[in-house]
Amino acid sequence: MNFKLFPETILFWQWLPDDEVVTLSERELSCSSCKDDSSQFQTELSEFMDFFHPQERQKFKEELEDTINQPGKTTESYYQIKNSEGNYIYAAIIFKSGVGADNKINVCGMINNRDNKIRKLKELQKTRERFLLSKLGSQDGFWNWNLKTGECWFDENMYTMAGYKNFEFSPNFEEWSKKVHPDDLPNLRSEMIKHLKQESTFFESEYRFLKKNGNYMWVLTKGQIVDFGKGTKPEHIEGININISNRKKLEKEKAIFNKKIFQTQKLESLGLLAGGIAHDFNNLLVGVLGFADMISVETPENTSVNEYSQEIKKAAFQAAQLCRQMLAYAGRGKFQQKTIYLNKLIRDLKNLLQTSLSKNTKTIYQLSPEKLVIKGDMSQINQVLMNLIINGSESLENKSGVLIVETGIINISHPQKMKNNCEDTIDSGIYVYLEISDNGCGMNKETRERIFEPFFTTKFAGRGLGMAAVRGIVKGHKGGISIYSEEGKGTTIKVLLPLHNNAEIKKIKYISRDNLKAGGHLLIADDMPSVLEITERMLTRLGYKVDTVENGKKSIELFESNPEKYAAVILDLNMPGLDGEVVFRKLRKIRKEIPIIIASGYNKQEVCQRFSGKKLSSFLQKPYSLNTLVASLNQIPSLLKKKHKS
């Protein structure tokens, strides 16, 4: 006898206890009668039971006897039955007892192939067991969702990981969905529906979940169908919630770090571009400014030609200033450093500040009687003052309040960490401090932590660049900034800037061209023919003899042929091939004391730093005029006339 039970195949069976015979048929059999049919075949009960798995034969026998003892009872059980290929398959067997026409008890029922379904359920059960085993010792949250009733089961971690008490909110899908960030809910639903349609083996989604404290945490949900019930429609789905907030934070920090790297690389590229522009543009401006200067010198005053030349010079100086600003922006130099008296600067700004402050603000200036001198860029220090004082006034929120501006000197005995959540430190030394205090609204912890972030602002129409710029300027001046603030209690911001040692501003003594000795021989090296031409004309007018070369290699060769011939050398810093710095070293090696002037579009601080300790004779800022050239030559004592004692 063979059981040809293909998927969903049904066989009907009947057992007559008195005869110990089992009848099998593809047609339905009744408990009350059994007609002969060609589609039927019969077998002994013992032979029929041989097709059951050995471990389940006793169970079948007991269930058969139990059915006989309870007439009218119908039961269904799953068994493993050997098919025609000798393999065990899962089948659903239905038992039903009844009394026949002869008043004898018999049992009838059905045998239904359920092998695919049972094996799938058992695999899901194994998955579930592994799933639950992984839960031991874990802080992740586990859940089960009954798709028929809509009820959910959440374990304790599902609540505690978000700061809730156990069962603080109802364990159902709707309540859970309310706490998912609205922007993330559509994707979560989409992934779950895709899995319920059995379009994926499991589902997973990352979303933000509302914590009890009102903040959102990042959660990774993974889930899988674990029960199909009696049909093919899913009835239960189980899953796990993993707190991935730290991972998201690291990803965000990595993104910020990568963005900073990109910004740095972009700035470096911009610096290279600006450097090239500065070199070429300033060289062009040397010709424009120089020839305009020569026109003004060689034409009578109060003539239209002379006036035109003055306008050309003004435009050239403005173009040069624009180029210097671009270099400073690209990080290739700073703005012009000047000696600044801080107290004087504040007094000069008083009137301007007063018009910018709220009428309800009472401003008290407590300026130190000491001479507070710093070295810095005037416009940038102005920006720091304006930003901090106006911010203090705005924190009063149109209410009456007090703003105190205080200055003084402080001695920092050892390197200190500034109180600003930016990990800034400041070296030991003597500093000038600027302290601005208000009794306004103050700042909460989040604002204090983010106040120096670019684009972060608490103002309705703010751009979020003010305090970021303040910190950048202060750091650029080798200073530090600290913040002390409490919500509702006001704010104090303290800026420290290094005290400038040389307190006196040295007045530049103008030396006229008449003080220069005529007749010297000068060597000029520059890769721009227009620069060489105008510089030669200006120096010739001053009474010098001039040799010009268009690159560093030729300047070395010419100088080496007769080192004592030249009274001084003017070198362009950025020449192709051998640049000014390399040529400088080689010329000094040939003749140790030769006066050398470096000409460049970069600012003086940057160039002089590159030649620190090398006894650079003078610096010539491009573009230069005749007067600027004279001033640079005046820095070389050997070119000046000797003063005669009367």
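The values are calculated or read from the model by the stated rules, or taken from the named source; none is laboratory data. Bear in mind that the values here come from a model prediction, so they are computed numbers and not experimental data. Every residue, glycine among them, receives a Cβ derived from its backbone with ideal geometry; neighbour counts consider all protein chains shown. Just so you know, the surface numbers come from the protein's heavy atoms only, side chains and all, with ligands and any DNA or RNA stripped out. Shrake-Rupley method; radii C 1.70, N 1.55, O 1.52, S 1.80 Å.
Return the pair list, or none, for Cβ contacts closer than 8 Å from residues in segment 207-230 that are closer than 14 Å to ASN246 by Cα and modelled with pLDDT of 90 or more to residues that are small (Gly, Ala, Ser) and in a strand (DSSP E or B), at least 6 apart or on different chains.
LEU220/SER205
Out of all the residues in segment 89-109, which are modelled with pLDDT of 85 or more and open to solvent by 60 Å² or more (accessible area, probe 1.4 Å)?
LYS96
Condition first: surrounded by 19 or more Cβ atoms within 10 Å (Cβ to Cβ) and more than 28 Å from the chain's Cα centre (by Cα). Now tell me which residues in segment 481-491 satisfy that.
Listed by number, the residues that qualify are GLY490, THR491.
Considering only segment 60-87, state which residues are out of contact with any Lys or Arg (no Cβ under 9 Å at 6 or more places or on another chain), open to solvent by 70 Å² or more (accessible area, probe 1.4 Å) and within 19 Å of LEU121 (Cβ to Cβ).
Listed by number, the residues that qualify are GLU76, ASN87.
Considering only segment 538-632, give the helices (runs of 4 or more DSSP H) lying wholly within it that have at least 1 residues that are of a type in the set (Val, Ile, Thr), surrounded by 15 or more Cβ atoms within 10 Å (Cβ to Cβ) and at pLDDT 90 or above.
Answer list for segment 538-632: 552-561, 580-590.
Need the failing condition index for THR355 against (1) open to solvent by less than 60 Å² (accessible area, probe 1.4 Å); (2) among the hydroxyl-bearing types (Ser, Thr, Tyr); (3) at pLDDT below 85, just the number.
(1)
Considering only residues of segment 150-193 that are aromatic (Phe, Trp, Tyr) and assigned to a loop (DSSP other than H, G, I, E, B), which is farthest from GLY214 (Cα to Cα)?
Step by step, filter segment 150-193, then rank; the result is PHE167.
Polar (S, T, N, Q) and in contact with a helix residue (DSSP H, G or I) (Cβ under 9 Å, 6 or more places away or on another chain): is that true of SER561 in this structure?
no
Within segment 363-444, which strands (runs of 3 or more DSSP E) (wholly inside it) include 3 or more residues that are free of Cβ contacts under 8 Å to residues at least 60 places away in the same chain and surrounded by 14 or more Cβ atoms within 10 Å (Cβ to Cβ)?
401-412, 429-438
What pairs can you find where one residue is in segment 476-492 and under 11 Å from ASN444 (Cα atoms), the other is of a type in the set (Asp, Glu) and assigned to a strand (DSSP E or B), and their Cβ atoms are less than 7 Å apart, with a gap of 6+ or different chains?
GLY490/ASP438; THR491/ASP438
Are there any pairs with C-beta distances below 9 angstrom linking a residue in segment 191-202 that is free of Cβ contacts under 8 Å to residues at least 40 places away in the same chain to a residue that is assigned to a loop (DSSP other than H, G, I, E, B) and exposed (fewer than 11 other Cβ atoms within 10 Å of the Cβ), with the two at least 6 apart or on different chains, and if so which?
Close Cβ pairs satisfying both conditions: ILE193/GLU199; GLN198/THR232.
Just the residues that are of a type in the set (A, V, I, L, M, F, W, C) and either more than 16 Å from GLY580 (Cα to Cα) or touching a strand residue (DSSP E or B) at 6+ places or on another chain (Cβ under 7 Å) (or both), please, taken from segment 541-561.
Result: LEU542, VAL546, VAL549, LEU558, PHE559.
Given the conditions (1) out of contact with any helix residue (DSSP H, G or I) (no Cβ under 9 Å at 6 or more places or on another chain); (2) open to solvent by 50 Å² or more (accessible area, probe 1.4 Å); (3) assigned to a strand (DSSP E or B), report the number of the one that TRP218 does not fulfil.
(1)
Do any residues in segment 231-250 that are assigned to a helix (DSSP H, G or I) have Cβ atoms under 7 Å from those of residues that are surrounded by 15 or more Cβ atoms within 10 Å (Cβ to Cβ), where the two are at least six apart or on different chains, and which pairs are they?
SER245/MET217; SER245/TRP218; LYS248/TRP218
Restricting the first residue to segment 161-179 and requiring it to be modelled with pLDDT of 85 or more, which pairs with a second residue that is open to solvent by 40 Å² or more (accessible area, probe 1.4 Å) and not in a loop (DSSP other than H, G, I, E, B) meet a Cβ separation below 7 Å and a spacing of at least six or different chains?
MET161/ASN243; LYS179/LEU210
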